[in-house]
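Before any comments, here is the structure.
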Amino acid sequence: MRDPTSFLGEEYRQLVAQEIDWRLHVLRGPSTPWSSVDGHKVLMFCSNNYLGLSDHPKLKAAAEAAARSHGVGSGSVRPIAGTMDLHVELERRLAQFKRAEASLVYQSGFAANAGLIPQLVGEGDLVVSDELNHGSIIDGVRLSRAERAVYRHTDVADLERVLATAEEHRPEYRRILVITDGVFSMDGDVAPLDRIAEVAHRHGAMVYVDDAHGEGVLGPGGRGIVAHFGLGRDRVHVEMGTFSKAFGVVGGHISGSRDLVDFALNKSRTWLLSGSHPPPVAAACLAAVDVLENEPEHVQRLWAHTERFKKEMRALGFDTGKSTTPITPVLVGESHVAKQLSDRLFELGVFALPIVYPMVAKGQARIRTIMNAALTPDDVGFAVAAFAKAGKELHLV
């Protein structure tokens, strides 16, 4: 009799043969500018820890204090017995920071998208999505069973075309949802959210932005893409984000109207049926909000490093694409070249992974670098020098 699980090993071996399997690298100790990765001391250049908060003393102290005062787990889901005062305070402070009526914390950013999108739209509705949206958005849309339409990447004229076509058939749709990433994680470009919101408003559509890579980075004080464009909640109805990137901890969240949050906490099964954040995590997230509000130097330093790195890499002759954010792709074309460059950088003391097909289109392989505010100017110079040396050896510059 055939083993019913034989496909597991077979499919994995196919991934290995195509060299598109994930091979995990192990950190020993905290994620800091200089980290121990696979037993080697290297400059961390591919972490989403934009502001270096994952090892910030205020966040660690808050987590330790919460473990002593509240324990290490809530013991329940939020709607039953898992809502602690720390969760309530975090949502209050987050809404204040986001300048929204209310916020709701999810277990992860993926859980927010997978849990909320299928409740906002369903059969009889239409979702209009940027062609390069994150996989968690794509999965959330699939779960919704709504009709789907895709517009060309950041192309507002194409979005207008899609919505105009939908309007001709408006009686067929109960609701229309326009959804986009705020900052696109592979290219580092920013969605033109102001124009997207205006077009959606004219066509009576809801707007949902996944700002996972924008908060803590864009806007005044790192408040994110909605604040960056000065938009109101009557134009962007759902602002989704995550604590696992610039905030340095873990978890997802949404911000918007009070009605949005009341709706979400009653309808999102990923929220309703998952255990709440352990008290130390909630406390660390609270401390991260405090740091963002009271220590603006982190965001300022992040952008100073970003601008210098882009300028010097371009001067060397590297192609950094259309990025305008701390995500800077170093485009090299072929997958095997990206892997060779990554391996050589690691030997030179820089940890930056290759992004290859099928994560990006064929011929678009790159090293995706992500800047960190905790780096020093010397660290940035070290990384540029490593790229220069490896790039010359591989005849890339």
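The values are calculated or read from the model by the stated rules, or taken from the named source; none is laboratory data. These figures come from a predicted structure and were not determined experimentally. Positions of Cβ are generated from backbone atoms using ideal geometry, with glycine treated the same way; all protein chains shown enter the neighbour counts.
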TODO: Mind telling me which of the residues A338, A383, A304, A315 ends up being among the aliphatic types (A, V, I, L, M), more than 26 Å from A212 (Cα to Cα) and not in a loop (DSSP other than H, G, I, E, B)?
DONE: A315
Open item on the list: Could you go through region 272-284 and let me know if any residue there is among the hydroxyl-bearing types (S, T, Y), crowded, with 21+ Cβ neighbours inside 10 Å and not assigned by TED's automatic domain parsing to the domain that holds F110.
Closed with: no
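Of everything in region 201-231 that's under 12 Å from the mean Cα position of the chain (by Cα) and assigned to a loop (DSSP other than H, G, I, E, B), which residue is farthest from L116 (Cα to Cα)? Talk me through it step by step, then tell me what you get.
Applying the first criterion (under 12 Å from the mean Cα position of the chain (by Cα)) to region 201-231 yields 209-217, 224.
Now narrow it down to the ones that are assigned to a loop (DSSP other than H, G, I, E, B): 211-217, 224.
Values: D211: 15, A212: 15, H213: 19, G214: 20, E215: 19, G216: 23, V217: 24, G224: 20 Å.
Within region 201-231, the match that is farthest from L116 (Cα to Cα) is V217.
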TODO: Identify all residues within region 190-200 that are under 18 Å from the mean Cα position of the chain (by Cα) and buried (at least 20 other Cβ atoms within 10 Å of the Cβ); write none if there are none.
DONE: V190, A191, L193
TODO: For region 232-287, name all the residues that are in contact with a strand residue (DSSP E or B) (Cβ under 6 Å, 6 or more places away or on another chain), part of a loop (DSSP other than H, G, I, E, B) and either without any contact (Cβ under 8 Å) to a residue 40 or more places away in the chain or among the hydroxyl-bearing types (S, T, Y) (or both).
DONE: H237
Open item on the list: Filter region 357-373 down to the residues that are crowded, with 23+ Cβ neighbours inside 10 Å and assigned to a loop (DSSP other than H, G, I, E, B) and list them by number.
Closed with: M371, N372, A373
TODO: Tell me the strands (runs of 3 or more DSSP E) entirely within region 50-161 that contain at least 1 residues that are among the charged types (D, E, K, R) and either modelled with pLDDT of 95 or more or assigned by TED's automatic domain parsing to the domain that holds D211 (or both).
DONE: 126-130, 147-151
- [ ] Please state which one of S335, S342, S323 is modelled with pLDDT under 95, surrounded by 18 or more Cβ atoms within 10 Å (Cβ to Cβ) and not assigned by TED's automatic domain parsing to the domain that holds H213.
- [x] S335
Open item on the list: I need the full set of residues from region 305-320 which are over 21 Å from the mean Cα position of the chain (by Cα), surrounded by fewer than 14 Cβ atoms within 10 Å (Cβ to Cβ) and closer than 26 Å to G219 by Cβ, in order please.
Closed with: K311, R314
Task: Residues of region 362-395 classified as without any contact (Cβ under 8 Å) to a residue 12 or more places away in the chain and within 20 Å of the chain's Cα centre (by Cα), total - done: 0
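Mind listing whichever residues of region 288-301 are in a helix (DSSP H, G or I) and either farther than 20 Å from T242 by Cβ or of a type in the set (A, V, I, L, M) (or both)? Talk me through it step by step, then tell me what you get.
Step one: filter region 288-301 for residues in a helix (DSSP H, G or I), giving 288-294, 297-301.
Selection gives A288, V289, V291, L292, N294, E297, V299, Q300, R301.
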TODO: Could you grab me the full set of residues in region 162-184 that are outside any helix (DSSP H, G or I) and more than 29 Å from T328 (Cα to Cα)?
DONE: H169, Y173, R174, R175, I176, L177
Open item on the list: With the requirement that a residue be touching a residue at least 60 places away in the same chain (Cβ under 8 Å), of a type in the set (A, V, I, L, M) and buried (at least 24 other Cβ atoms within 10 Å of the Cβ), what does region 219-231 give you?
Closed with: V226
Task: Residues satisfying the stated conditions in region 122-131, i.e. free of Cβ contacts under 8 Å to residues at least 60 places away in the same chain, at negative phi and not charged (D, E, K, R) - done: G122, L126, V127, S129
TODO: Determine whether G224 is under 25 Å from G135 (Cβ atoms), assigned by TED's automatic domain parsing to the domain that holds H134 and in contact with a Gly (Cβ under 6 Å, 6 or more places away or on another chain).
DONE: yes
